[in-house]
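To start, the structure itself, in structure tokens.
The values are calculated or read from the model by the stated rules, or taken from the named source; none is laboratory data. Quick caveat: nothing in here was measured; it's all calculated off a predicted structure. So basically every Cβ, Gly included, is an ideal-geometry build from the backbone, and we count neighbours across all protein chains shown. SASA here: full protein model, heavy atoms, side chains in, ligands and nucleic acids out. Shrake-Rupley method; radii C 1.70, N 1.55, O 1.52, S 1.80 Å.
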Amino acid sequence: MWRNSATVSFSSKLLSYSSSSANPNYFHYASAFSIFSPNGVVDQALSPSHQRFYCSSAVPSPSPSSGSVIKLGFLANKSDAYLPLSLKARDAVQLARHYGRCYWELSKARLSMLVVATSGTGYVLGSGNAVDLAGLCYTCAGTMMVAASANSLNQVFEINNDAKMKRTRLRPLPSGRIAIPHAVTWASSVGFAGTALLACKANMLAAGLAASNLVLYAFVYTPLKQIHPVNTWVGAVVGAIPPLLGWAAASGQISLNGLILPAALYFWQIPHFMALAYLCRDDYAAGGYRMFSLADASGRRTAAVAFRNCLYLIPLGFIAYDWGVASGWFCVESSVITLAISAAAFSFYRDRTTQKARRMFYASLLYLPVFMSGLLLHRLSDNPQCLAENPNRIIELPSFPEAVTESEEDDQKKKVRYVTAGPQGRAPVAYASIAPFPFLPVPSYVDQ
């Protein structure tokens, strides 16, 4: 009953087996995963070292010896009964690793995690005195899924361009490791799931910002890269939205205080991408992208744009302090790191070489985590005692927003200037002149 193409159909599985114990790869299965082609050969789902040819009636398999007989899908030799399960498990693990790696690369996971970090920072800044850890986790998870979806769609649309660039030709789609419909299904699924998670666990404002950013990145920024150099500034807007999303998820609204970190993200991205575009000019030209640096042979305008946007970062530390988002220490730290990246940009402007551009690129990589860490470390909570280093300089506000009282003992030291509305969830702010520094405003909040 054994023939050259011996197969037995049982429970929708095609099995064949050889008694050769030295080569267990003679056992094959096809129905465990729907990845085989009509001729019985699996498409590139596994790496070359682990690919198997799945048996079909059209593909012959080696004939087993008389000692091993398959009857109704069960092995007569009990010692070999565990062989199919072990091979199935091994192939399942290999398949999971393969697609997991493809999803990781499609999502640009490291870039997506940076987006999550900015969104989480915005959430903490918008939370006031108490941070909802569950809400923070939901916001970060939703942001991660939406970012993964946007990056995956970006690669779907740019598959032909990526195939022409050395830096991107080994991505899953250009290399053929995953099919386009599979990538589109993955991107659509995680994008919808992330938006739904934000809508259910955060609020509709955060979900709307996430969905809008996905559309802006995948359907506006991505095609614009091949049309006009303004794509860099559109991409900067895309990068500035996640911290605003986090703030909106925590506070339920968008306020001026919530725009400090998005502004930092926007201005930071310009020198960051200008350095990258200068370093990869030839690659971008080969891929058909219209980057700002391609129309600037000398690199002078590219370096000038980078340096100018570095200078725009300098006031952000003062604004964060003046608006009561962070303490004075953050103002100092922000100024130092901004001057450092500005110095790197100015050095690139004076000497437009690959080495200087790479130095500015590395400086930009250092700037963002230091800026966000300082903002989190020195952020001001709703507790009045956290608002100034010297408790004697704190003006206590009563429960009525319009009333401001001063202690008779400090009457000569303090003089109230005005009262204005504070950030979301906080009482109004009183700015005071403090002797011997009448020019220094000190924000003070009181729990409502």
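What single numbered condition from (1) assigned to a loop (DSSP other than H, G, I, E, B); (2) farther than 21 Å from residue 127 by Cβ; (3) in contact (Cβ under 8 Å) with a residue 12 or more places away in the chain fails to hold for residue 294?
Of (1) assigned to a loop (DSSP other than H, G, I, E, B); (2) farther than 21 Å from residue 127 by Cβ; (3) in contact (Cβ under 8 Å) with a residue 12 or more places away in the chain, only one is false for residue 294: (1).
Which residue out of 325, 336, 332 is in contact with a helix residue (DSSP H, G or I) (Cβ under 8 Å, 6 or more places away or on another chain) and either over 25 Å from residue 243 (Cβ atoms) or surrounded by fewer than 20 Cβ atoms within 10 Å (Cβ to Cβ) (or both)?
The conditions single out 332.
Within region 189-226, how many residues are assigned to a helix (DSSP H, G or I) and open to solvent by 60 Å² or more (accessible area, probe 1.4 Å)?
Qualifying residue count for the region: 10.
Results for (1) in contact with a helix residue (DSSP H, G or I) (Cβ under 7 Å, 6 or more places away or on another chain); (2) in the same structural domain as residue 197 (by the TED database); (3) modelled with pLDDT of 95 or more, shown as yes or no for each residue.
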{"position": "121", "(1), (2), (3)": "yes, yes, yes"}
{"position": "132", "(1), (2), (3)": "no, yes, no"}
{"position": "142", "(1), (2), (3)": "yes, yes, yes"}
{"position": "147", "(1), (2), (3)": "yes, yes, yes"}
{"position": "164", "(1), (2), (3)": "yes, yes, no"}
{"position": "169", "(1), (2), (3)": "yes, yes, no"}
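Can you run down the residue pairs with Cβ atoms below 7 Å, 6 or more apart or on separate chains, where the first is in region 95-118 and in the same structural domain as residue 178 (by the TED database) and closer than 20 Å to residue 210 by Cβ and the partner is open to solvent by less than 40 Å² (accessible area, probe 1.4 Å) and outside any helix (DSSP H, G or I)?
106/172
In region 151-162, which residues are open to solvent by 10 Å² or more (accessible area, probe 1.4 Å) and more than 17 Å from residue 213 (Cβ to Cβ)?
Within region 151-162, 156, 159, 160, 161 meet the criteria.
Inspect all residues belonging to region 266-276 and state whether any of them is of a type in the set (A, V, I, L, M), outside the structural domain of residue 294 (by the TED database), in contact (Cβ under 8 Å) with a residue 24 or more places away in the chain and open to solvent by 30 Å² or more (accessible area, probe 1.4 Å). Full working, then the answer.
First pass over region 266-276, keeping only residues of a type in the set (A, V, I, L, M): 270, 274-276.
Narrowing the set further to residues that are outside the structural domain of residue 294 (by the TED database) leaves none.
No; the residues of region 266-276 include none that is of a type in the set (A, V, I, L, M), outside the structural domain of residue 294 (by the TED database), in contact (Cβ under 8 Å) with a residue 24 or more places away in the chain and open to solvent by 30 Å² or more (accessible area, probe 1.4 Å).
Filter region 115-150 down to the residues that are of a type in the set (A, V, I, L, M), surrounded by fewer than 17 Cβ atoms within 10 Å (Cβ to Cβ) and out of contact with any Gly (no Cβ under 8 Å at 6 or more places or on another chain) and list them by number.
Matches in region 115-150: 130, 131, 133, 134.
Output the residue which, of all residues in region 163-178 that are farther than 16 Å from residue 104 by Cβ and in contact (Cβ under 8 Å) with a residue 40 or more places away in the chain, is least open to solvent (accessible area, probe 1.4 Å).
My answer is 165.
On the basis of being assigned by the TED database to the domain that holds residue 351, at pLDDT below 95 and closer than 21 Å to residue 313 by Cα, does residue 297 make the cut?
On the way: assigned by the TED database to the domain that holds residue 351: yes; at pLDDT below 95: yes; closer than 21 Å to residue 313 by Cα: no.
Considered against the rule, which asks whether it is assigned by the TED database to the domain that holds residue 351, at pLDDT below 95 and closer than 21 Å to residue 313 by Cα, residue 297 comes out as no.
Taking the conditions exactly as written (over 20 Å from residue 236 (Cβ atoms), in contact with a Ser or Thr (Cβ under 7 Å, 6 or more places away or on another chain) and crowded, with 18+ Cβ neighbours inside 10 Å), does residue 374 satisfy them or not?
Yes: the conditions hold for residue 374.
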